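Report on one structure; see the data block that follows.
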Amino acid sequence: MRKSLILIFFAFCLVSLGFRFYIYDKANLKPENGSKVAFKTRVLSEVKANSRIQSFSLSFKGYRIYVNSPLYPQISYGDMVMAEGTIGYKKLGTREIIVLDSPKIKPDSAQFSLLNPIYSTRQRLIEIFQSYLPPEEASLLLGIVFGVRESFSPQFYEELQKAGVLHVIAASGMNISMLGALLAGFFGVFLKRQMAIVMTCIGIVLFAALAGFEPSIVRASIMGLLAFSAQILGRQSWALLGAAIAGFIMLFVSPSLIKDIGFQLSFTATLGLVYIPPIIQKAIPVKRAPMIKLVGEDIITTISAQISTLPIILANFGTYSIWSVLVNSIVLWTVPLLMIIGGVTAILALLFEPFGNLLYLALPLLWYFKLVVRFFGQFGQLSISIFPWQIQIAYYSFIFAAIVWRKK
């Protein structure tokens with residue numbers, strides 16, 4: 001009975017999404033090349049600035065619009081802005097992106113939102129981390145704890161990419177899992193269980209806002225909220241069902257996300273982490289592989305995520321880090337420790353800033369992380385100019401067949 005209800009639920013979601021995509025497609029909301037636009041929106045992406053321009057992205061009719069505007073007036077994450085310009089389409093590697101040519105961006109300081117205090121808190125945390133740590137160490141810790149990426153130098157960002165650990169500085173399911181566990185334990189000390197879970201859910205929503213509402217963190221947050229809600233209801237949560245509900249909600253609200261690379265990577269990685277590790281563990285028993293046992297589950301997790309996302313990475317970026325599995329296996333153990341140090345210090349420093357000195361505890365781990373990235377970031381990547389869609393379909397069909405074969 002339970003399986004039939006799940007199948008009915010999935011069928012309902014697919015039909016609803018199909019109808020939603022049909023309406024969205026008929027509305028023809030995609031901005032035309034060369035059209036002049038004027039719209040009001042909130043900046044929910046990182047703002048990167050140099051001596052001449054500042055770069056960020058805006059949401060327009062569900063599409064992401066990339067903007068390079070003059071340095072003044074300065075734009076910050078969370079600002080409500082009035083944007084004007086001409087729509088253009090450009091190639092970024094193998095991807096086509098929408099840009100705003102000749103942009104005129106004006107902050108709307110009179111616009112108030114209930115989220116404004118969260119955006120101010122985010123900016124305050126960035127300032128605290130940067131005042132107590134060297135620039136690169138502050139950037140790395142902000143990326144690991146909150147997914148903040150605007151302060152990375154181009155060189156270090158490229159080294160992270162070449163080393164295959166760029167995903168570490170993007171808030172994701174790991175952040176939500178650890179945050180949920182910490183908050184539930186904290187509130188559980190002086191609140192009843194159900195109220196502690198409610199407060200934990202509120203904390204997850206606030207963290208998602210601090211992290212910038214990226215597709216990966218929205219997906220992870222929805223799954224986290226479903227998991228904790230299931231605890232209130234006394235029911236067991238399933239990873240596949242949680243991912244399906246998260247994907248349904250996100251796509252129903254914004255159908256254009258189906259073409260967003262971050263969204264695609266987030267969901268394929270999630271499904272890969274659920275279904276691929278058992279196949280790897282069966283193919284390479286841990287007892288017969290001392291190296292895998294030595295580094296724990298990190299290497300299996302990394303391999304699973306790499307397998308599930310490889311076609312998307314090659315098709316959209318044309319590059320793949322040949323050191324990814326090795327580097328992840330020797331640095332991922334530092335991430336939970338850095339998240340705990342950074343998260344606890346952030347909370348305490350907001351209450352009393354001198355607690356920011358606790359960030360120095362993270363320096364040895366950050367130096368180790370940087371040393372590994374710097375070493376492996378010197379080497380090149382595997383480059384592929386063309387990755388046909390036929391091969392992508394064959395690749396995922398093979399993985400699907402392997403999963404079905406294992407279950408039978």
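The values are calculated or read from the model by the stated rules, or taken from the named source; none is laboratory data. Note that this is a predicted model, so its numbers are computed, not measured. Glycine gets a Cβ as well: all are built from the backbone with ideal geometry, and neighbour counts include every protein chain shown.
Brief remarks on what is shown
- Filter result for the condition that a residue is assigned to a helix (DSSP H, G or I), surrounded by fewer than 19 Cβ atoms within 10 Å (Cβ to Cβ) and out of contact with any Gly (no Cβ under 6 Å at 6 or more places or on another chain), over Leu348, Leu365, Leu359, Leu338: Leu348
- Here region 45-56 is the region considered, the condition is being surrounded by fewer than 19 Cβ atoms within 10 Å (Cβ to Cβ) and touching a Leu at 6+ places or on another chain (Cβ under 9 Å), and the residue that is nearest to Gln123 (Cα to Cα) is Ala49.
- Residue in region 118-141 that is surrounded by the fewest Cβ atoms within 10 Å (Cβ to Cβ), counting only those that are under 13 Å from Leu210 (Cα atoms) and in contact (Cβ under 8 Å) with a residue 40 or more places away in the chain: Ser120
- Candidates Gly18, Gly62: the one that is at pLDDT below 85 and either surrounded by fewer than 17 Cβ atoms within 10 Å (Cβ to Cβ) or under 26 Å from the mean Cα position of the chain (by Cα) (or both) is Gly62.
- Of residues in region 89-117 being assigned to a strand (DSSP E or B) and at pLDDT below 75, the one surrounded by the most Cβ atoms within 10 Å (Cβ to Cβ): Arg95
- Search result, residues across region 368-394 that are within 30 Å of Gln281 (Cβ to Cβ), more than 24 Å from the chain's Cα centre (by Cα), touching a residue at least 12 places away in the same chain (Cβ under 8 Å) and part of a helix (DSSP H, G or I): Ile391
- Ile126 being at pLDDT 80 or above, of a type outside the set (Lys, Arg) and part of a helix (DSSP H, G or I): yes
- Number of the condition not met by Leu294 [criteria: (1) hydrophobic (A, V, I, L, M, F, W, C); (2) more than 30 Å from Leu326 (Cβ to Cβ); (3) out of contact with any helix residue (DSSP H, G or I) (no Cβ under 8 Å at 6 or more places or on another chain); (4) at pLDDT below 75]: (2)
- Some residue of region 357-374 being more than 27 Å from Gln155 (Cβ to Cβ) and out of contact with any strand residue (DSSP E or B) (no Cβ under 8 Å at 6 or more places or on another chain): yes
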